[in-house]
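Shown next, in structure tokens, is the structure this report addresses.
The values are calculated or read from the model by the stated rules, or taken from the named source; none is laboratory data. Please read these numbers as outputs of a predicted model, since none were measured by experiment. No Cβ is skipped: glycine too gets one built from the backbone with ideal geometry, and neighbour counts run over all protein chains shown.
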Amino acid sequence: MSASLLRPVTRRRRRRSYLEQRRDGGPVETERLQHKFDGVGWLDTATTYLFVVDIESRDRRRLDRAHGGGILEPGTGLAPAWHPDDDRVAFLANHGDRPDDSYAQAVHVVDTDTGETRQLLGGDRMVREPTWSPDGSRLAVVTSSPTNWYAPADVCTVDPDTGRCRTLTDGLDRHLAWFEHVVWLDNDSLLTAIGDGGWSRLLGLSADGGHERVYDQQSRDESLTGFDAAGETVAFVRQQPQEGIDVFGLPGEALSTGDRGPSTAGEDPRRRLTDLNPALVADYDHPEVEHISFEGADGDTVEGLAFLPPGFDPGESDGDRPLILSIHGGPRRYDEPQFDFDTAFWTTRGYVVFKPNYHGSTSYGRAFCERLGGAWGDVEVTDALAGTDELLERGWVDPDRLFVTGFSFGGRATASVLAETDRFAAGVAEHGSYDLRSAFATGDGHRSFENELGRPWEHPETYETASSITDVGSIDTPLLLTAGEDDMRTPAAQSEQLYVSLRKRDVPAKLVVYPDTHHVHYFVADPDRATHRLETLSAWFERFDPVEGDG
């Protein structure tokens, strides 16, 4: 037998032996640049393939040319989408020369009968959500820059025969809503959602190009968290700070997309389909929300949301309320009117919770978002403190009872805020990265750091400026740090470094590390852990509250 025939068999045996070794708790072996991914774990060189399975016989057949690849595949999978009428399947993968060094993906189409695969679109863009039109004549995708995540994504349609791509969101200058979803209403119309000034709302799209905001009856105090469409009905998940989260149905004729007719005027056409958590909604006082505008970095208008405690009258406040400045992560995300247990927990204990949509937040256009690029520790700190000043000037909160917190990028920003000022009584930084030089290679985001800040050995000053830990000598505020032991996005070692540095300086600090916890959904899966977290944070704030605490 020739060596050429022996070689593949030997490779398969080695792979099988390695996988058995891993199942038995053996060591990880990898030669991948993307060597880990949060929520998935350590990565190896095993390849993921698409399989066709016969439902009745359970026979399975591997499609050898339909395989994964790239940084994103461990988190998203291949996102296969079966053609509505034939045997083609669209899927996502990066089959380029350096798939672990780029966020680019391509749309591929495989014929499940022959196994033949061809690249339809991409290779130079991030691509998500391949979705066939009902008649299979077009494929909708979400595309964005693989190197500049501050730039809004686009929704495009692709001709599967020619690969010709048409952009439907030209001139929109809005990011898609954080959950990024697109559905076909019919062969000529699509529906997506956008972030629109700290607010998630529906956007209609024409498959031939063009877009318009639809469903005008949605108020500014409610927001979407997801939607889908089938037949003549759109179902969407709606959240409102005082009324909870529920599913509503909306007739398709109420939308104005292409030739579907004008948006229904006057009476709200939606119908409530669920009544979730009625006792929780009825038995507790949930916060009202105020939209706040103020002057932030560069003299720009910045917005934020103030969630107010029960019985709080903004017009008659005596200025004795404590404030929690809550800085969202991402940073390419936005706060919006939401039904949120954390927020309600704080407001029912008398806190005003303020969430600024600082420069870098999506939903305000590309220029506003892109301003944060390469300026970590600068503009978001300016905006957060300017928003705090606005609430103080309104007389809503006590200047001696200010607290600050944030998760992920918000945790990093919390440390930067405390390095800038000592006006806060205490802070909580959760699951953040504080030494970006070490985070570059020990987390799963090496490529995102390089896109944003360059390579640390080529741009050491940029990394030093953006890292909170380099300013640890300026932090004198008591700081609680939380981390997940299995967090591969912002490893626990990041929090350890800042914690030890603070303790060396005799700054009151506490470190809480949650075992078996990664970055995404870091506590919500375990009610006991969620309870422990809130009790720990509450005790920390109370300890350093000049009214409630003992220092």
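Odds and ends about this structure:
- For Asp506, the criteria (1) more than 23 Å from the chain's Cα centre (by Cα); (2) assigned to a helix (DSSP H, G or I); (3) free of Cβ contacts under 8 Å to residues at least 60 places away in the same chain hold in every case but one, which is (2).
- The residues of the stretch 290-319 include none that are hydrophobic (A, V, I, L, M, F, W, C) and exposed (fewer than 11 other Cβ atoms within 10 Å of the Cβ).
- Checking Leu205, Leu185, Leu191 one by one, the residue that is surrounded by 22 or more Cβ atoms within 10 Å (Cβ to Cβ), farther than 17 Å from Gly365 by Cβ, in contact (Cβ under 8 Å) with a residue 24 or more places away in the chain and touching a Phe, Trp or Tyr at 6+ places or on another chain (Cβ under 9 Å) is Leu191 and no other.
- Selection from the stretch 116-135 of residues that are surrounded by 15 or more Cβ atoms within 10 Å (Cβ to Cβ) and part of a loop (DSSP other than H, G, I, E, B): Ser133
- Exactly one residue out of Asp340, Asp398 is assigned by TED's automatic domain parsing to the domain that holds Asp300, at pLDDT below 95 and surrounded by fewer than 22 Cβ atoms within 10 Å (Cβ to Cβ): that is Asp340.
- Counting only helices (runs of 4 or more DSSP H) wholly contained in the stretch 360-477, the ones carrying 3 or more residues that are within 29 Å of Met126 (Cα to Cα) and more than 19 Å from the chain's Cα centre (by Cα) occupy 436-442, 460-466.
- Against the list (1) at pLDDT 95 or above; (2) in a loop (DSSP other than H, G, I, E, B); (3) farther than 30 Å from Pro134 by Cβ, the condition Gly26 fails is (1).
- Matching residues, the stretch 405-464, being within 15 Å of Asp378 (Cα to Cα), in contact (Cβ under 8 Å) with a residue 40 or more places away in the chain and in contact with a Pro (Cβ under 7 Å, 6 or more places away or on another chain): Phe409
- Meets criteria (acidic (Asp, Glu), loosely packed, with under 14 Cβ neighbours inside 10 Å and part of a strand (DSSP E or B)) for Asp85: no
- The residue pairs whose first member lies in the stretch 481-499 and is without any contact (Cβ under 8 Å) to a residue 40 or more places away in the chain, whose second member is of a type in the set (A, V, I, L, M) and crowded, with 24+ Cβ neighbours inside 10 Å, and whose beta carbons are closer than 7 Å, counting only pairs six or more residues apart or on different chains, are Ala492/Ala483; Tyr499/Leu481.
- Which listed residue, of Thr388, Thr348, Thr362, is surrounded by fewer than 24 Cβ atoms within 10 Å (Cβ to Cβ) and among the hydroxyl-bearing types (Ser, Thr, Tyr): Thr348
- Filtering Leu537, Leu511, Leu479 for residues that are touching a strand residue (DSSP E or B) at 6+ places or on another chain (Cβ under 8 Å), assigned by TED's automatic domain parsing to the domain that holds Ser416 and closer than 19 Å to Glu420 by Cβ leaves a single hit, Leu479.
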